[in-house]
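Participant: One structure is given below, represented as structure tokens, and several questions about it will come after.
Readers should treat all values here as calculations from the given coordinates under stated rules, not as data from a laboratory. Since the model is a prediction, treat every value here as computed from it, not as a measurement. Reconstructed Cβ throughout: ideal geometry from the backbone, glycine too, with neighbour counts over all protein chains shown.
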Amino acid sequence: MRFLSKSKLIAFRQCPKRLWLEIHRPELREDSADTLASFQVGYKVDDIARRVYDPEEKGHVVDVKTEGFDAAFARSARLLADSADPIFEAGF
């Protein structure tokens, strides 16, 4: 089973073929300079959010790339049930 992220849903809305390519042929992707710049802005926003909402650095980061989808979703559910600390990049 494949899971869809916000980015993948947006890709589908823009062009269903784009989503197919992103899932089945990701090596063909070529990002423009503007897209890469947008990614950098997103990384900065993430950094600011973490400093604002988690100044004591007690929060949890769920990384689907290193944990895998199933583990990330399970960990997100556990953290939501058991932790009052901030959760960043939680999977749903």
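Participant: Please provide three numbers in whole Å: the alpha-carbon extents of the chain along the principal axes, with the largest listed first.
Facilitator: Result for the chain: principal-axis Cα extents of 41, 32, 22 Å.
Participant: Compute the signed sum of charges (Lys and Arg +1, Asp and Glu -1) over the other residues within less than 13 Å, Cβ to Cβ, of GLU57.
Facilitator: Taking every Cβ under 13 Å from that of GLU57, the sum is -1.
Participant: Expressed as a rounded percentage, what relative contact order does the range 31-92 have, with Cα pairs under 8 Å and six or more residues apart? Show your work: numbers first, answer last.
Facilitator: Details: 44 pairs, mean separation 21.1, N = 62.
34 percent.
Participant: Rounding to the nearest 10 and keeping the result within 0 to 90°, find how far the Cα-based axis of helix 69-82 lies from the longest principal axis of the chain.
Facilitator: With rounding to tens, the tilt is 30 degrees.
Participant: Ok, one more. What is the angle, in °, between the Cα long axis of helix 33-53 and the longest principal axis of the Cα atoms in the chain? Nearest 10 is fine, range 0 to 90.
Facilitator: Tilt relative to the chain: about 10 degrees.
Participant: Do the sum for the chain: with -39,500 (n - 2.57) for every DSSP H run of n ≥ 4, divided by all residues, what is the mean residue ellipticity at 222 nm, to the nearest 500 deg cm²/dmol?
Facilitator: After summing the helix terms and dividing by residue count, I get -19000 deg cm²/dmol.
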